[in-house]
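**Q** Sharing a structure, written as structure tokens. Questions coming.
The values are calculated or read from the model by the stated rules, or taken from the named source; none is laboratory data. Computed from a prediction, not measured in an experiment: that's the story for all the values here. Counting neighbours? That spans all protein chains shown, and the Cβs are built from the backbone with ideal geometry, glycine included.
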Amino acid sequence: MNADWKIYTKTGDKGQTSLIGGTRVPKYHERIEAYGTLDELNSFIGLIRDQEIDEKTRQLLIEVQDRIFTAESLLAADPSAQFKTLPGLYEEDVRLLETEIDKMNETLPPITSFILPGGHHIVSHTHVARCVCRRAERLTIRLLENNNDTLQGDMVVKYLNRLSDYLFVLARKFANDLNIVETPWKARI
């Protein structure tokens with residue numbers, strides 16, 4: 001690392017930050033909320049990856065983290081600026097998640113009710129990541145409704161929607177792998 005590079009810039013001390021492209025916005029701006037929540041999601045994915053899980057899933061989660069950083073950069077980009085290169089999200093990224101969901105579902109018992117999160121810390125961490133992913137999706141949808149010029153916004157929403165589905169099924173897979181009995185929700189009526 002360059003010895004001259006510092007983590008602190010002091011440019012955010014008055015409550016503003018820069019988008020990719022240089023435009024300054026308040027740190028509470030909906031664009032910052034959306035990509036900040038993706039950053040939170042990425043940290044939770046890292047927490048899952050740090051558990052004792054199979055190597056195939058670990059490698060897929062690294063790929064997911066890469067795609068989350070891609071989504072963050074797309075949301076952080078000033079739509080009025082010109083960019084030569086920014087990473088992108090593609091249909092094959094969504095299809096990869098769908099393929100993995102289908103593979104996991106082949107080995108899981110059918111689901112007949114809502115499932116209460118819990119049973120083991122890895123299952124719980126994965127459900128927390130799923131919830132953060134859903135929040136990121138909602139914030140991104142709001143951002144798109146208010147700023148329809150967000151780069152690849154529709155693809156970010158689609159990816160997050162599928163990622164939350166993947167995380168739900170992954171939590172079920174972890175429970176199944178660990179012989180954890182899922183607790184169905186029984187509505188009191």
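**Q** Working only within the stretch 44-93, note down all residues that are crowded, with 20+ Cβ neighbours inside 10 Å and of a type in the set (Ser, Thr, Tyr).
**A** Thr70
**Q** Specify which of the listed residues (Thr99, Thr126) is touching a residue at least 24 places away in the same chain (Cβ under 8 Å) and among the hydroxyl-bearing types (Ser, Thr, Tyr). Working first, answer last.
**A** Details: Thr99 fails: touching a residue at least 24 places away in the same chain (Cβ under 8 Å).
The conditions single out Thr126.
**Q** Considering Asn161, Asn146, which residue is in contact with a Lys or Arg (Cβ under 9 Å, 6 or more places away or on another chain) and surrounded by fewer than 20 Cβ atoms within 10 Å (Cβ to Cβ)? Even if it seems obvious, please write down each step before you answer.
**A** Numbers: Asn146 fails: in contact with a Lys or Arg (Cβ under 9 Å, 6 or more places away or on another chain).
Testing whether each residue is in contact with a Lys or Arg (Cβ under 9 Å, 6 or more places away or on another chain) and surrounded by fewer than 20 Cβ atoms within 10 Å (Cβ to Cβ) leaves just Asn161.
**Q** Something else about it: Filter the stretch 33-43 down to the residues that are surrounded by fewer than 20 Cβ atoms within 10 Å (Cβ to Cβ) and touching a residue at least 24 places away in the same chain (Cβ under 8 Å) and list them by number.
**A** Glu33, Asp39, Glu40
**Q** With respect to Gly46, is the statement that it is touching a helix residue (DSSP H, G or I) at 6+ places or on another chain (Cβ under 9 Å) and either at pLDDT 60 or above or of a type in the set (Phe, Trp, Tyr) (or both) true?
**A** In short, yes.
**Q** So which of Leu144, Leu170, Leu160 ends up being over 21 Å from Ile48 (Cβ atoms) and part of a helix (DSSP H, G or I)?
**A** Leu144
**Q** Taking Ile115 as the residue in question, decide whether it is modelled with pLDDT under 95, in contact with a helix residue (DSSP H, G or I) (Cβ under 8 Å, 6 or more places away or on another chain), β-branched (Val, Ile, Thr) and closer than 21 Å to Val181 by Cα.
**A** Yes: the conditions hold for Ile115.
**Q** While we're looking at this one, here's another question. Quick one: how many residues across the stretch 39-80 are part of a helix (DSSP H, G or I), of a type in the set (Asp, Glu) and in contact with a Leu (Cβ under 8 Å, 6 or more places away or on another chain)?
**A** Here the count works out to 2.
**Q** Quick one: in the stretch 173-189, of everything that is in a helix (DSSP H, G or I) and hydrophobic (A, V, I, L, M, F, W, C), which residue is farthest from Phe69 (Cα to Cα)?
**A** Filtering the stretch 173-189 for residues that are in a helix (DSSP H, G or I) and hydrophobic (A, V, I, L, M, F, W, C), the one farthest from Phe69 (Cα to Cα) comes out as Ala175.
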